[in-house]
Amino acid sequence: MIPVLIVLNAGSSSLKFQVYDAPDGAEPRLVWKGLYEGLGGSAHFLVKDTGGSLLDEMTWSSGDGFGHEEALMHLVSWLSQFREERKPVAIGHRVVHGGEAFSGPVLIDEAVIQTLETLVPLAPLHQPHNLEPIRIVRRRLPGMPQVACFDTAFHQTQSEIARMFALPREMRERGVKRYGFHGLSYDYIASVLKDYDPHLAEGRVIVAHLGNGASLCALNKGASIATTMGFSALDGLPMGTRCGAVDAGVVFFMLREMKLSPEEAERILYTKSGLLGVSGLSNDMRVLRSKVETNADAKRAIDLFVYRITREIGSLVAALGGLDGLVFTGGIGENDVATRAEVIAGLAWAGLALNEAANRIGGPRISAGSGPPAWVIPTNEELVIARQTRGVLGAMPAKLAS
Ligand code: ADP
């Protein structure tokens, strides 16, 4: 029996997983990764090795009632049967919101679950889905150590002022402040930046995590000092379907003048805005790029996305007191050559210049000249979860050995 860690990232109808060997004293090592999709309907399972080769796949028809619980139990039994028997010794979960209570990864117990449930209103799109597999594991695999790893925790290094809204004190005391998100991604980038650019790792860096969710983070010597996301995962840059920063007055207009319910307003801001809302076409950057020459709405959505990124970078440069370099990551940051080129063109004032040939092949260094360097670094949030899970369990070696 080979002990492994499972890393889970659960969505409304999907469950992404990665399986790590966790030899004593060494970095967790990815063995397999896979996903269940279409959960609750016609579900599909696939698993790949680290080279991307398909190892196994399965499909269930919509009548089978195959949901998150069935997926988790299937995964555990699949691991025990596929090739050498592998037995999960712990599960690490991505949990989007840790609120004020959690400044780092935590071993999950009933009290932790209850605290995490109180944070559902702060991340209604993600938190309930993150909590579901945690409850399932407690019920179906009692005794299995579970660790919650938070997207908010990395930003705890920010100053009190950077985290404040100019709202009455009572609201701050109720936890209304800027938490910031994508912390697992920024943690990873901060941990590997020295391998790309040791000088930059000690300097003032802006990391652009541009995916379906998008945000920027200002790092000073590897620590977060400011970010574009705030109290909820709605703030900051426009995203695939989320609006990013809007004047709070817009919400009152939606409620009072448009007579929308809070739920309807929330749905518009979270799921019908951003690239999808502006283009009226798609939240997928690949689709928008393919239509940018022929469709004015696709072009408008991309132009707004890039404009907001460059403007917010200006704000973070001010917070950092200068800029020593820029990092692109996330699905768009890692893959969309044109977005990177357009953002760098908008930062000529800060001394950035593009190396077009390097940008076309994804760098990793995509800047030219003697100004601040720009890098493309693929993120790895799952490895951070595996590291953190291992770190929490490190205090309980008996559980790892069992
Ligand atoms: P999530 O925030 O859900 O993890 P990702 O980081 O996977 O999202 O990013 C998804 C985004 O990345 C989508 O807008 C998608 O179009 C974009 N993307 C992925 N691959 C490419 C590519 N080759 N070229 C341009 N955009 C891409």
For this session: Once every Cα of the stretch 59-100 carries one equal point scatterer and solvent is ignored, give the base-10 log of I(q)/I(0) from the Debye formula at q = 0.17, 0.20, 0.24, 0.29 Å⁻¹, two decimals.
Result: -0.67, -0.80, -0.91, -1.03
Exercise. Ranked highest first by average number of other Cβ atoms within 10 Å, how do 138-144, 304-310, 149-155, 364-370 line up?
Worked result: 149-155, 304-310, 364-370, 138-144
For this session: Just report the Cα centroid separation between the stretch 241-300 and the stretch 86-120, whole Å.
Result: 31 Å
Problem set entry | DSSP beta bridge pairing in the chain, given as percent antiparallel to the nearest 5 | 65 percent
Exercise. Label point 7 Å out from Leu107 along Cα-to-Cβ: which residues of the stretch 122-157 have amide N under 13 Å?
Worked result: 143-148
For this session: Taking 7 Å along the Cα-to-C-beta vector as the label spot, tell me the Leu141-Phe253 distance in nanometres, rounded to one decimal.
Result: 4.9 nm
Exercise. Whose amide H sits under 5 Å from the amide H of Val327, counting only residues 5 or more places off or on another chain, with H placed in the peptide plane?
Worked result: Ile206, Val207, Ala208, Trp375
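Using C-alpha positions alone, give me the convex hull volume of the stretch 67-175 per residue in cubic angstrom.
Details: hull volume 12.6 nm³, N = 109.
Convex hull volume per residue, Cα atoms: 116 Å³.
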For this session: Output the peptides 267-273, 159-165 sorted from most to least packed, where packing is the average of other Cβ atoms within 10 Å over each peptide's residues.
Result: 267-273, 159-165
Seminar exercise, completed: With Cα coordinates, the longest principal axis of the chain makes an angle with the long axis of helix 381-393, in degrees rounded to 10, of 50 degrees
Exercise. Any idea how many Lys pairs in the chain come in under 28 angstrom at the alpha carbon, given 8 or more places apart or on separate chains?
Worked result: 20
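For the stretch 1-117, compute Rg over Rh where Rg is the Cα radius of gyration and Rh is the Kirkwood radius from the inverse mean 1/r over Cα pairs. Numbers along the way, then the final one.
Values: Rg = 15.4 Å, Rh = 15.5 Å.
Computed over Cα atoms, the ratio is 0.99.
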Exercise. Amide H neighbours of Val147 under 5 Å, counting only residues 5+ apart in sequence or on other chains, H built in-plane at 1.01 Å?
Worked result: Ile91, Gly92, His93, Ile108
Problem set entry | 0 to 90° range, to nearest 10: angle between helix 262-271 axis and the chain longest Cα axis | 80 degrees
For this session: Mind listing the long-range amide H neighbours of Ser367? Cut-off is under 5 Å, sequence gap 5 or more, other chains count too, H placed in the peptide plane at 1.01 Å from N.
Result: Asn355, Ala374
Seminar exercise, completed: Of 209-219, 383-393, 279-289, 51-61, ordering from highest average Cβ density within 10 Å down gives 209-219, 383-393, 279-289, 51-61
For this session: Determine, for Thr50, Thr294, the number of other Cβ atoms within 10 Å of each Cβ, and report the residues in order from fewest to most.
Result: Thr294, Thr50
For this session: Calculate how steeply helix 68-81 sits against the longest principal axis of the alpha-carbon atoms of the chain, using the helix alpha-carbon long axis, and give the answer as 0 to 90 degrees to the nearest 10.
Result: 60 degrees
Problem set entry | Geometric extent, Cα atoms of the stretch 51-122 - Rg, Dmax (angstrom) | 16.8, 43
For this session: Label the stretch 261-319 by shape, choosing from rounded, prolate and oblate, from the square roots a ≥ b ≥ c of the eigenvalues of the Cα gyration tensor; if a/c is under 1.5 it is rounded, and otherwise prolate applies when a/b is larger than b/c, oblate when it is not.
Result: oblate
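At a temperature of 25 °C and a viscosity of 0.890 mPa s, determine how fast the stretch 307-396 diffuses translationally according to Stokes-Einstein, using the Kirkwood radius over alpha-carbon pairs as Rh; express D in µm²/s, rounded to the nearest whole number.
Approximately 171 µm²/s, per Stokes-Einstein.
Please label the shape of the stretch 107-263 as rounded, prolate or oblate, based on the square roots a ≥ b ≥ c of the eigenvalues of the alpha-carbon gyration tensor (a/c under 1.5 means rounded; beyond that, a/b larger than b/c means prolate, else oblate).
Details: a/c = 1.75, a/b = 1.06, b/c = 1.65.
The shape class here is oblate.
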Seminar exercise, completed: Residue-ordered couplings for the stretch 303-310, obtained by feeding phi - 60° into the Karplus form 6.51 cos²θ - 1.76 cosθ + 1.60 and rounding to whole Hz (Gly and Pro as x), are 4, 5, 4, 5, 4, 5, 4, 5
Exercise. Going toward the positive end of the dipole of the chain, with +1 on Lys and Arg Cβ and -1 on Asp and Glu Cβ, which of Pro23, Leu107, Leu275 do you reach last?
Worked result: Leu275
For this session: Binning at 10 Å from 0, report for the chain what percent of all alpha-carbon pair distances ends up in each bin.
Result: 5, 21, 31, 28, 14, 2, 0
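All of the numbers you see were taken from the coordinates with simple rules; none came from a lab. Note that the coordinates shown come from a computational prediction; the quantities given were computed from them, not determined experimentally. So basically every Cβ, Gly included, is an ideal-geometry build from the backbone, and we count neighbours across all protein chains shown.
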